[in-house]
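Structure first, then comments.
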Amino acid sequence: MSTNQIYQAQNGLAVIEVESTPPTGGWQSQQQYSGFTGNAYYRYVGKGLTTGISGIKDSVLSYTVNLDQDGKYFLSLRSLRVQEGRNATAGQENDFWVRVNGGDWVKVRFGGPFGEWTWANLRNVTNVAGNLEVTSYDLQAGLNTIEIGGRSSNAMLDRIHLSKNKLNRDETSPPSQISAVAPPPVDPPPIDPAPVDPPPVDPPPVDPAPVDPTPPTPPVPSTLTIEAEDFATLSNYAKQTINPALTVIRLQAAVPAGNSGEASTSFTGATGLYAIQVRYLDESDGEGQISLSIGGTPIETLQLNQNTGNTTGLPVSTWAVNGGQPLLIQQGDEIKFVGVRNAEEFARIDSITFIPVGTPVDPTPVDPTPVDPTPVDPNPVDPPPIDPSPVGPLPINDQAVLSISENNLLTVGNTTATKTVKFTVLEPSKVGAVEVGFFAVDDGQGTMNSIAPDSMGYMAAALPTTKTIFSTLGDLDIQGLDFLRFASLLGGQNYGFFLTQNGTVDSVLSNGIGEVIFASPLSGQENNQPLEVSFLADQGAYVFNWDLNGDGLFDDFRFKIELFDDNGLPLGSNLQGGQESEMLDLRSLSGQVNLDLSVFREADNDNILGFYQVENTQGTLLDEFGNVLNPGDSGYVQAAVRQWFDKPVISPTNQSVLSTSVTVDAGKILVPFLITQGTVGDILASEFTDASVFFPFLKANPGGVDHVKLLGSNTFGFEDIVGGGDLDYDDLIVKINVQPI
């Protein structure tokens, strides 16, 4: 939803819950880590930067504060870092970009222990004593704007304090009052700015204060009811008169079961806080659903499964949206219903009513001053036993154990520590190349950011957080190639699974190429479940058996999950599994390392494998002149390839395996690339007639297509045809063993 909120300071203090404005760009709303205040915290998952603030234009949170006093104000940001896959001694996840009133951007840092909420309040500027300065600003009473941009990937932001007392940083201070309309200027121009006669040289003081410094009272919203048949746009919906007193909209008869229609209009009432009620008809001959979004933000989905009416839905039922809690709605916000048909349930809607509730202290939390507003902890110290299906192992003392719920959610139980899990392909895909992975969910129902698995917006919430386990290339059998993947999972956390066909998660997020299938029955696929799970009692392992061709045999793709005693990841693999993350992390190593390579080729094209170093996980590199280049920038391809100019040529012949070893510098992230139909010299000479270069970063590839898949830990597969070719990713495969020297 659109927002125009003003936070009212009192006695020189403004307290802001970060979630009171919608997340934008690389910010995500989360509840995974306990101890936050309010309803959620925001996590920055966008582009991590080492210098400068370019690239965060779409990842800036903005808050406007109406200060009641002039003076020096101290800014504090309540923050968390959790050391996900990072060196414990590295300065990671510990800073944000901040500016006030359009001034200079400054880096604000924090450095508390990993896993503990702490306060970020140190500018990256040293004072005369050689210490970092506490972030402060000389501000005037009236409107002041705070902007916060993401800098460190995975840094989390919970609440904001702007205070004349720099020690006023606590979790119990109630959030500042919010108004939806900006107050008038603090210092308006004089009433008569252009008198006929020139003013005297020394006029008597009139009164520099505003005529009326009190902000005008916003217009009082009134109750507004919009009949569904009066919505401006109906798509696959049509008006239907049930009786002379009742006209509704219903999905058209031609809409097949499982398909949807939309009804949308603009909110014409005054901006304000409203409780929302929807009148609808729940029929007895099907179980469809209705979803409501406001201002482009999904609000809630109603399952029409109560069968409270007859075959036409009578009597009419009432839905108290958002549990009856008010929502801030701006004049002009789009109001949109999406109805889904099931059997003869046509998702009938009568009307929507907006009931004003005034302007409370904070429209978001129910209780703004809890001493301990701890939400449901997704990582309990002693999680309750899950009723697994199939029957899994029983915990032994404090030994960690895997369990699978009836919803196909995986948990490492009987521990809160991070454990290493091993994934092994037992039978490759029979339906071509697929990609499989997992993602953390909020609870045993698979909820993501308060969105249920069968609701609109679930895929959009889940995909950016997914971790790829591996891809499998169908029936391809190459000697020496095994599909193994090691991943770190947090004890007590629930994880859901997905599978992608005809593409990758990267391609789905970038350009919509690929089909994503969720493994949980909660995702609304009750009649066409893609997964059965079996338990191997002698190994303490689970086998995921997938049905991808619809024959019900669950033999199209099988892999095994088990705990790994070593409790560590293969060297170089800890960054793998995320978006565009086919890379080697050598930052914890020093000097040089050997890369023992097994390179497989299954392609007519002559392909050459190489590597180059980058500064961060987004692929930023420094060229030979020290210039910073990002994927897609002019000169990026040549700068990357140039790093391999004097290195060995790695190019197996077709239908062969090349075993070799190369020595590279450690200390940074190493990224593979593939040259097809050319050489390093051709690329540096800009002879691109036939040659192309492919990277894990889609912006660096011709056409922005994904050309690299993660096949297992430190194992990558390349597609060597511009545009994606047959998307089999078996044209060149490299398996890497990192060996410190």
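Checking each residue in the stretch 436-446 for being assigned to a strand (DSSP E or B) and either of a type in the set (G, A, S) or open to solvent by less than 10 Å² (accessible area, probe 1.4 Å) (or both) picks out V436, G437, F439, A440, V441. Within the stretch 629-647, restricting attention to residues that are under 19 Å from T676 (Cα atoms) and part of a loop (DSSP other than H, G, I, E, B), the residue that is farthest from the chain's Cα centre (by Cα) is D646. Quick one: would you say G632 is open to solvent by 10 Å² or more (accessible area, probe 1.4 Å) and at positive phi? So G632 fits the description; yes. Only one entry of G626, G610, G619 meets the criterion of being over 31 Å from the mean Cα position of the chain (by Cα) and within 26 Å of R151 (Cβ to Cβ), and that entry is G626.
Rundown of residues vs (1) open to solvent by 10 Å² or more (accessible area, probe 1.4 Å); (2) over 17 Å from T225 (Cβ atoms), yes/no style:
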{"position": "A257", "(1), (2)": "yes, yes"}
{"position": "Q277", "(1), (2)": "yes, no"}
{"position": "L281", "(1), (2)": "no, no"}
{"position": "G295", "(1), (2)": "yes, yes"}
{"position": "L327", "(1), (2)": "yes, no"}
{"position": "V340", "(1), (2)": "yes, yes"}
{"position": "E344", "(1), (2)": "yes, yes"}
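For the stretch 243-269, the set of residues classified as in a strand (DSSP E or B), among the hydrophobic types (A, V, I, L, M, F, W, C) and more than 14 Å from G313 (Cβ to Cβ) consists of A263 only. Tell me which residues, restricted to the stretch 555-572, are on the phi > 0 side of the Ramachandran plot and open to solvent by 60 Å² or more (accessible area, probe 1.4 Å). Hit for the stretch 555-572 is N567, nothing else. Listed by position, the strands (runs of 3 or more DSSP E) contained in the stretch 462-554 that have at least 1 residues being modelled with pLDDT under 85 and surrounded by fewer than 22 Cβ atoms within 10 Å (Cβ to Cβ) are 484-490. Evaluate the following for F697: is it among the aromatic types (F, W, Y) and either at pLDDT 90 or above or within 23 Å of L426 (Cα to Cα) (or both)? So F697 passes the test.
Restricted to the stretch 297-316, and to residues that are within 30 Å of the chain's Cα centre (by Cα) and under 17 Å from S351 (Cβ atoms), which residue is least open to solvent (accessible area, probe 1.4 Å)? Ranking the candidates gives L304 first.
Going through (1) at pLDDT 80 or above; (2) in a helix (DSSP H, G or I) one by one, G323 falls short only on (1).
Here's the yes/no breakdown for (1) closer than 30 Å to G492 by Cα; (2) modelled with pLDDT of 85 or more:
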site	(1), (2)
I6	no, no
L13	no, yes
S20	yes, yes
G26	yes, no
Y33	yes, yes
V65	no, yes
D68	no, yes
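Within the stretch 580-627, take every residue that is assigned to a strand (DSSP E or B) and open to solvent by 50 Å² or more (accessible area, probe 1.4 Å) and give me the one that is farthest from T679 (Cα to Cα). Selected residue: Q592. All conditions but one from (1) buried (at least 19 other Cβ atoms within 10 Å of the Cβ); (2) over 26 Å from S581 (Cβ atoms); (3) at pLDDT 85 or above; (4) not basic (K, R) apply to S79; the one that does not is (2).
Looking across the stretch 250-260 at every residue that is under 35 Å from the mean Cα position of the chain (by Cα) and of a type in the set (A, V, I, L, M, F, W, C), the one that is modelled with the lowest pLDDT is identified as A257.
The values are calculated or read from the model by the stated rules, or taken from the named source; none is laboratory data. What you see is a predicted model, and the numbers here were worked out from it, not measured in a lab. All Cβ positions, glycine included, derive from the backbone under ideal geometry; neighbour counts span all protein chains shown. Just the protein is used for accessible areas: all its heavy atoms, side chains included, with ligands, DNA and RNA removed. Shrake-Rupley method; radii C 1.70, N 1.55, O 1.52, S 1.80 Å.
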